[in-house]
Amino acid sequence: MNNFFIDSHTHLYLPEFSANIEKTISSCKDLNIQKLLLPNIDSLSIQPLLHLCATFPDICYPMIGLHPCSVKENYLAELTIIESYLKNHNIIAIGEIGIDLYWDKTSLEIQKEAFITQLNWAKKYSLPIVIHARDSFNELFEVLDFHNDDNLTGVFHCFTGDVHQANKIIDYGGFKLGVGGVVTFKNAGLDKTLSNISLEHLILETDAPYLAPHPYRGKQNCSTNVILIAEKLATIYQCSLENIASTTTKNTIDVFKL
């Protein structure tokens with residue numbers, strides 16, 4: 001039984017955590033959170049990420065990718081740097097990647113190009129992908145409808161869509177839905193969406209230091225809060241916390257080949 005928790009998406013390498021990182025890691029272990037999966041942002045975050053994984057190799061696992069909000073005029077140079085790490089380090093996934101139209105709609109075309117490049121890396125290196133989707137489901141589906149095949153797997157990070165979008169993602173065949181703090185927000189409606197989706201399609205995440213769950217909404221998030229998200233899912237699915245742990249952990253192990 002996988003009766004432990006995994007935070008499948010946490011940025012613990014960021015400066016917000018540096019002063020208390022040992023205490024944070026220790027607190028995670030005390031709460032039976034045994035694996036922390038770390039997504040990259042851009043070339044500047046690679047070294048802090050890899051350093052944290054080297055410092056705590058028993059619990060921290062590195063992913064490498066170019067975040068869509070970091071896709072700027074120099075994105076080709078960024079991608080070259082990032083791919084060099086894929087070739088020379090033990091990376092578990094490509095992420096986080098995707099399309100974000102909340103902050104900047106003008107960069108859509110180069111965001112698409114960067115996303116497609118990294119999809120092709122996933123197939124080339126046989127790695128899952130971590131997809132960032134913000135105000136961009138239609139654009140992402142347009143790309144994935146063309147590029148998806150049996151070699152493409154991964155997770156839609158911070159899923160906040162509706163039942164139709166959830167089922168479309170599930171129908172691709174190789175993807176899970178990452179559920180974080182938004183599921184605890186009173187008026188988000190995600191709890192109602194998930195009540196129509198089987199638990200076998202979900203994995204847990206925090207996106208720390210962002211998107212802290214209730215009752216810490218608006219404050220700095222931490223991986224220890226993955227327990228609060230699991231407790232909310234236990235309420236939605238009317239099952240034990242142990243069942244949430246074992247099912248979501250198995251799902252995470254399967255998709256990331258841990």
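The values are calculated or read from the model by the stated rules, or taken from the named source; none is laboratory data. Computed from a predicted structure; not experimentally measured. Glycine gets a Cβ as well: all are built from the backbone with ideal geometry, and neighbour counts include every protein chain shown.
With respect to Val143, is the statement that it is surrounded by fewer than 22 Cβ atoms within 10 Å (Cβ to Cβ) and in contact with a Ser or Thr (Cβ under 7 Å, 6 or more places away or on another chain) true?
no
Yes or no: Glu83 crowded, with 23+ Cβ neighbours inside 10 Å, closer than 16 Å to Ile41 by Cβ and not basic (Lys, Arg)?
Spelling it out, it is not the case that Glu83 is crowded, with 23+ Cβ neighbours inside 10 Å, closer than 16 Å to Ile41 by Cβ and not basic (Lys, Arg).
Can you pull out the residues in the stretch 11-35 that are among the aliphatic types (A, V, I, L, M), within 20 Å of the chain's Cα centre (by Cα) and closer than 20 Å to Asn251 by Cα?
Answer for the stretch 11-35, where residues must be among the aliphatic types (A, V, I, L, M), within 20 Å of the chain's Cα centre (by Cα) and closer than 20 Å to Asn251 by Cα: just Ile33.
So, of the residues in the stretch 27-55 that are of a type in the set (A, V, I, L, M, F, W, C) and part of a loop (DSSP other than H, G, I, E, B), which turns out to be nearest to Glu242 (Cα to Cα)?
Per the stated criteria, the residue is Leu31.
Here is a list of conditions, (1) in contact with a strand residue (DSSP E or B) (Cβ under 6 Å, 6 or more places away or on another chain); (2) within 19 Å of Phe175 (Cβ to Cβ), and Tyr102 meets all of them except one; can you say which number that is?
(2)
Here's the yes/no breakdown for (1) modelled with pLDDT of 95 or more; (2) surrounded by fewer than 19 Cβ atoms within 10 Å (Cβ to Cβ); (3) small (Gly, Ala, Ser):
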| site | (1), (2), (3) |
| --- | --- |
| His89 | no, yes, no |
| Asp100 | yes, no, no |
| Trp103 | no, yes, no |
| Thr106 | no, yes, no |
| Ile116 | yes, yes, no |
| Lys123 | yes, yes, no |
| Ser126 | yes, yes, yes |
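Just give me the residues in the stretch 154-173 being under 19 Å from Lys257 (Cβ atoms), of a type outside the set (Phe, Trp, Tyr) and either crowded, with 23+ Cβ neighbours inside 10 Å or under 16 Å from the mean Cα position of the chain (by Cα) (or both), in sequence order.
Gly154, Val155, His157, listed by residue number.
Identify, please: which residue in the stretch 222-235 is under 21 Å from the mean Cα position of the chain (by Cα) and more than 23 Å from Asn20 (Cβ to Cβ) and is, among those, surrounded by the most Cβ atoms within 10 Å (Cβ to Cβ)?
Leu233
Six or more apart or on different chains, Cβ atoms under 7 Å: show the pairs whose first residue is in the stretch 133-148 and over 13 Å from Lys105 (Cα atoms) and aromatic (Phe, Trp, Tyr) and whose second is modelled with pLDDT of 95 or more and assigned to a helix (DSSP H, G or I).
Every condition considered, the pairs that remain are Phe137/Gln165; Phe141/Lys168.
Just to be sure I understand, how many residues within the stretch 22-35 are surrounded by fewer than 16 Cβ atoms within 10 Å (Cβ to Cβ) and either closer than 17 Å to Leu49 by Cβ or free of Cβ contacts under 8 Å to residues at least 12 places away in the same chain (or both)?
4
Could you check how many residues of the stretch 168-204 are under 11 Å from Lys232 (Cβ atoms) and in contact (Cβ under 8 Å) with a residue 40 or more places away in the chain?
The number of residues fulfilling the criteria is 8.
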